[in-house]
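For reference, the structure discussed in these notes is given below.
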Amino acid sequence: MEVEEGRARVKVEGVFYNPRMRFCRDLDMLVFATMDSKEYFDALSASGIRGIRAALEAGKKAVFNDINPKAVKAIEENLRENGVGGEVINGDAAAVMRQRAFEHIDIDPFGSPAPFIDSACFSAKRYLSVTATDTAALCGSATNSGLKKYGAFAVKTDVYHEVGLRMLIGFVVREATKYEKALFPLISWVREHYYRVHFKIKKSTAMSARVYEKMGYLAYCSTCLRKKVLGMGEGAERCECGGKFSLIGPIWLGELKQRDFTEKVAEKAEGKLRAFLEKILAEIDAPTAYSLPALAKIHSLTLPPTDVVVGELKKLGYEASRTHYCGFCVKTDADRDMVVKILRSRKII
Ligand code: SAM
């Protein structure tokens with residue numbers, strides 16, 4: 001079977017190809033075109049679609065790798081078909097990255113990227129891109145899997161995608177600091193069954209220590225959905241409602257994107273991609289988000305439109321926005337009691 005995607009045409013007979021990831025690859029091409037890098041290592045290539053598109057659409061010099069000899073044959077054939085040159089390696093991605101440095105590495109695995117992150121952080125010089133499809137382990141649905149793979153604790157909250165994305169970012173950032181590298185998300189998103197993050201890398205002893213200023217915990221009360229941000233080493237008392245806090249983390253508490261970079265990506269985008277990027281740009285950086293239906297249910301309140309709640313919070317001087325991953329969630333630096341107060345206020349219900 002042959003598929004056409006972007007400027008590429010690839011044969012996917014006998015190799016992995018997921019048409020549902022097309023949106024991700026389309027958006028990736030705009031991200032890659034915004035990165036000022038030349039080399040791109042497609043560490044888990046399958047058909048080679050991502051690397052071939054990176055070469056054709058973002059002008060990258062792609063290097064391909066897959067452990068499966070069938071995939072290697074398919075990549076070689078697809079390179080010829082598309083008139084693209086590129087080295088093709090048949091190895092274990094973790095071993096290849098231990099032996100050789102790459103300017104930009106992309107880890108797009110089946111399920112969890114965790115087994116590849118240590119060697120990717122060791123090898124990558126300027127950029128690292130990571131996909132995770134094991135969202136249950138990251139978002140608190142599968143607490144033990146999260147602990148085993150990502151060394152962080154989570155329970156399922158009303159805004160589990162916020163937690164999942166931050167657990168993934170936190171894990172990758174922590175893995176890199178032992179190599180004196182500071183990683184910062186340039187852009188990240190949650191969509192359908194996967195999380196995607198593109199990082200910029202700075203090799204710096206001082207900066208790699210300072211990333212821990214943006215790492216910490218969310219104290220979460222499952223009774224009233226209150227969330228409090230705690231830095232590394234900080235503790236949590238009992239929740240004001242009498243409930244007990246669960247400490248979720250360590251997770252990334254910093255920005256989920258770099259605004260300038262994301263704006264440049266958005267300038268290149270059209271249609272659905274543009275609309276999605278506008279949502280990401282409209283989102284504030286606070287790690288505290290709330291599901292309005294979940295809060296309304298606790299207090300038996302009617303649900304007002306999300307924009308009305310965001311508007312009211314802003315009028316009161318708080319930072320507030322919608323989220324890109326849930327139509328009924330708000331992000332805000334206001335306390336959950338303030339959000340409930342707004343839900344209660346008659347004039348907006
Ligand atoms: N990036 C591809 C795309 O955009 O269509 C999809 C990659 S697919 C999800 C994962 C690929 O990783 C498979 O082709 C599999 O053979 C390969 N793989 C699994 N374990 C590997 C390892 N340890 N080293 C290298 N490749 C591996």
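Structure values in brief
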quantity: Residues of type lysines that Lys156 reaches as a straight line, Cα spacing below 21 Å, ignoring anything fewer than 8 places off in the same chain; calculated: Lys148, Lys227, Lys228, Lys244, Lys297, Lys331
quantity: Distance in nm between pseudo-label sites at Lys38 and Glu192 (7 Å out along the Cβ direction from Cα); calculated: 3.5 nm
quantity: In segment 110-143, chymotrypsin sites (Phe, Trp or Tyr not before Pro) in a DSSP loop with at most 12 other beta-carbon atoms within 10 Å; calculated: Phe110
quantity: Ranking of Phe23, Phe171 by count of other Cβ atoms within 10 Å, fewest first; calculated: Phe23, Phe171
quantity: Nearby aspartates and glutamates by direct alpha-carbon distance to Lys73 (threshold 17 angstrom, same-chain neighbours under 8 apart not counted); calculated: Glu2, Glu13, Asp42, Glu81, Glu87, Asp92
quantity: Rg followed by Dmax, in Å, when segment 289-344 is reduced to its Cα trace; calculated: 9.9, 26
quantity: Peptides ranked, highest mean first, by Cβ atoms within 10 Å: ranges 196-202, 146-152, 102-108; calculated: 102-108, 196-202, 146-152
quantity: Straight-distance crosslink candidates among aspartates and glutamates, where the alpha carbon sits under 17 Å from Lys314 and sequence neighbours closer than 8 are dropped; calculated: Glu283, Asp285, Asp333, Asp335, Asp337
quantity: Lys, Arg +1 and Asp, Glu -1 on Cβ, resulting dipole of segment 58-174 about Cα centre, debye, nearest 20; calculated: 300 debye
quantity: In segment 203-245, GluC sites (Glu not before Pro) in a DSSP loop with at most 15 other beta-carbon atoms within 10 Å; calculated: Glu234, Glu237, Glu240
quantity: For peptides 59-66, 31-38, sequence by mean Cβ density within 10 Å, most packed first; calculated: 59-66, 31-38
quantity: Most positive-pole-ward Cα, Pro304, Cys221, Cys239, against dipole of the chain from beta carbon charges; calculated: Cys239
quantity: C-alpha long axis of helix 49-58 to longest principal axis of the chain, angle in °; calculated: 90 degrees
quantity: Cα centroid separation - segment 153-202 against segment 284-303, whole Å; calculated: 23 Å
quantity: Peptide ranges 77-83, 138-144 listed from the most packed, as the mean C-beta count within 10 angstrom indicates; calculated: 138-144, 77-83
quantity: For the chain, calculated [θ]222 nm from helices alone, where every DSSP H run of n ≥ 4 adds -39500 (n - 2.57); calculated: -11500 deg cm²/dmol
quantity: GluC sites (Glu not before Pro) lying in DSSP loop within segment 258-349, provided at most 15 other Cβ fall within 10 Å; calculated: Glu270, Glu319
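Every number here is computed from the coordinates shown, using simple stated rules; none is lab data. Because the structure is predicted, anything quoted here is derived from the model rather than measured. For neighbour counting, all protein chains shown are included, and Cβ atoms are generated from backbone atoms with ideal geometry for every residue, glycine included.
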